[in-house]
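Enquirer: One structure is given below, represented as structure tokens, and several questions about it will come after.
The values are calculated or read from the model by the stated rules, or taken from the named source; none is laboratory data. Predicted model, so just to flag it, every value in this text is computed and none were measured. Here the Cβ is made from the backbone with ideal geometry for all residues, glycine too, and neighbour counts use every protein chain on show. For the accessible areas, the whole protein counts, side chains as well, though only heavy atoms, and no ligand, DNA or RNA atoms are used. Shrake-Rupley method; radii C 1.70, N 1.55, O 1.52, S 1.80 Å.
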Amino acid sequence: MIFIKKNKHPPRAIFSQVGHPHRGKVKWKVATNQVLRDYAHDPTPFNNGKYLFSADYGGDEFRKKLLECQGPKCAYCEKPLYKGAIEHFRPKTAWQQTRRAAFARPGYYWLAYSWDNMLISCTVCNQSGQKGNYFPVTGVRGIAPSDCSGENCTIINPTKIDPVIHITFNLSVPVGTVVGGRGDLNIEIFKLKDRADLKSSREDHLSLYQAQKLISNLPIGNGVTRQKKKDARAHLKKAQNPKYPFAGMIIENIRKGLI
Ligand SMILES: [Zn+2]
């Protein structure tokens, strides 16, 4: 996880036409207002989980702008992705305070079209068993429609706080900064340590960084050309760009002098 600098307001283009399953083309703000009216009119579909939100929550425009802010990678595990899934930080349909608890409804439906509540994640981080509808908080949970300012979320919102406060890396292994603290909880929630594909992807990125660093330090000759050294230096720079996959891991290892 790495801090994501997100535009405070939705890009202007997002206020243009977006789809809604029942009402054809409506504006984004209108979609939010419509959801609020629908709830006021009849909360039943929200309480039984059958309310139909627009499947694209603003369409490709939202997705494109989100990917511009966070880079083509998952907001939680930093794995590279091409399209990814629009992820609602506060789940729109239902929430669980504990893994075993039944779904509590309604969810944060009034945030379904909120730019502030949206990220792009990989399908694994987004799915049940990882984040899914699991959204534990302490303090006062926001009851519809609320500003949620009384909630302290356990899950790290990388657009609000710098995850490095809670999660660091020892080479390719994510580690909580405090034993049993919020970092450890997030590592467990997203299975950041245990997912085999994620683990090997991180290891590959780290090995590539180390190999390129080696080339950048070698003298010219024996197959090491000026161009190869230039390319290696360019890679080292790119790998530290916060929008590059696993930049959080690379930056932390450099800071700690491990690579
Ligand atoms: Zn992910």
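Enquirer: Ignoring any ligand, DNA or RNA, what whole percent of the accessible area of region 124-221 comes from carbon and sulfur when the probe is 1.4 angstrom?
Expert: Solvent-exposed carbon and sulfur of region 124-221 make up 58 percent of the total.
Enquirer: May I pose another question? When the Cα centres of region 206-252 and region 167-195 are compared, how far apart do they sit, in Å?
Expert: Going from one Cα centre to the other spans 26 Å.
Enquirer: Could you grab the relative contact order for the chain? Cα pairs under 8 Å, six or more apart, rounded to a whole percent.
Expert: 19 percent
Enquirer: Separate question: Applying the Karplus parametrisation 6.51 cos²θ - 1.76 cosθ + 1.60 with θ = phi - 60° to the phi angles of region 120-127, what ³J(HN,Hα) value in whole Hz is obtained for each residue in order, glycine and proline being reported as x?
Expert: Karplus-based 3J(HN,Hα) across region 120-127 equals 10, 10, 6, 5, 5, 4, 7, 8 Hz.
Enquirer: Same structure, new question: Convert each backbone phi in region 159-176 into a coupling constant with the Karplus relation 6.51 cos²θ - 1.76 cosθ + 1.60 (shift: θ = phi - 60°), then list the ³J(HN,Hα) values in order as whole Hz, x for Gly and Pro.
Expert: Whole-Hz 3J(HN,Hα) from phi for region 159-176: 8, 10, 10, 7, x, 5, 4, 10, 10, 10, 10, 10, 6, 8, 9, x, 9, x.
Enquirer: When ligands, DNA and RNA are left out and all protein chains stay put, how many square angstrom of accessible area per residue does region 111-173 have with a 1.4 Å probe?
Expert: Each residue of region 111-173 exposes 39 Å² on average to a 1.4 Å probe.
Enquirer: Right, here's the next one. Given the DSSP H assignment, sum -39500 (n - 2.57) over each helix run of at least 4 residues in the chain and divide by its residue total; what's the result at 222 nm in deg cm²/dmol, nearest 500?
Expert: Details: 8 runs with 87 residues, N = 259.
Computed ellipticity for the chain at 222 nm equals -10000 deg cm²/dmol.
Enquirer: Tell me which residues come under 5 Å, amide H to amide H, from PHE169 once H is placed; ignore anything under 5 positions away on its chain.
Expert: VAL175
Enquirer: Residue-wise, which Karplus ³J(HN,Hα) couplings in Hz belong to region 62-72, taking 6.51 cos²θ - 1.76 cosθ + 1.60, θ = phi - 60°, and x for glycine or proline?
Expert: Coupling constants for region 62-72: 4, 4, 4, 5, 5, 5, 5, 5, 9, x, x Hz.
Enquirer: If you add up the charges near TYR244, with Lys and Arg at +1 and Asp and Glu at -1, over every other residue whose beta carbon is less than 11 angstrom from its beta carbon, what do you get?
Expert: Result for the local shell: +3.
Enquirer: Student exercise: in region 12-159, how many lysine pairs 8 or more apart or on different chains have Cα atoms under 22 Å apart?
Expert: Going through region 12-159 pair by pair, I get 27.
Enquirer: Given +1 on the Cβ of Lys and Arg, -1 on the Cβ of Asp and Glu, and no further charges, what dipole in debye does the chain carry about its Cα centre, rounded to the nearest 20?
Expert: 720 debye
Enquirer: For LYS256, go through the lysines and keep the ones whose alpha-carbon is under 21 Å away, minus same-chain ones fewer than eight residues off.
Expert: Filter leaves LYS193, LYS199, LYS213, LYS237, LYS238, LYS243.
Enquirer: Tell me, in nm to one decimal, what length is gained between LYS193 and LYS213 on full extension, where the rule is 0.36 nm per residue of separation less the Cα-Cα distance? The partial results should precede the final answer.
Expert: Values: separation 20, 0.36 × 20 = 7.20 nm, distance 2.52 nm.
Answer, rounded to one decimal: 4.7 nm.
Enquirer: Can you list residues from other chains, or at least 5 along the same chain, whose modelled amide H is less than 5 Å from the amide H of LYS79?
Expert: Amide H neighbours of LYS79: CYS74.
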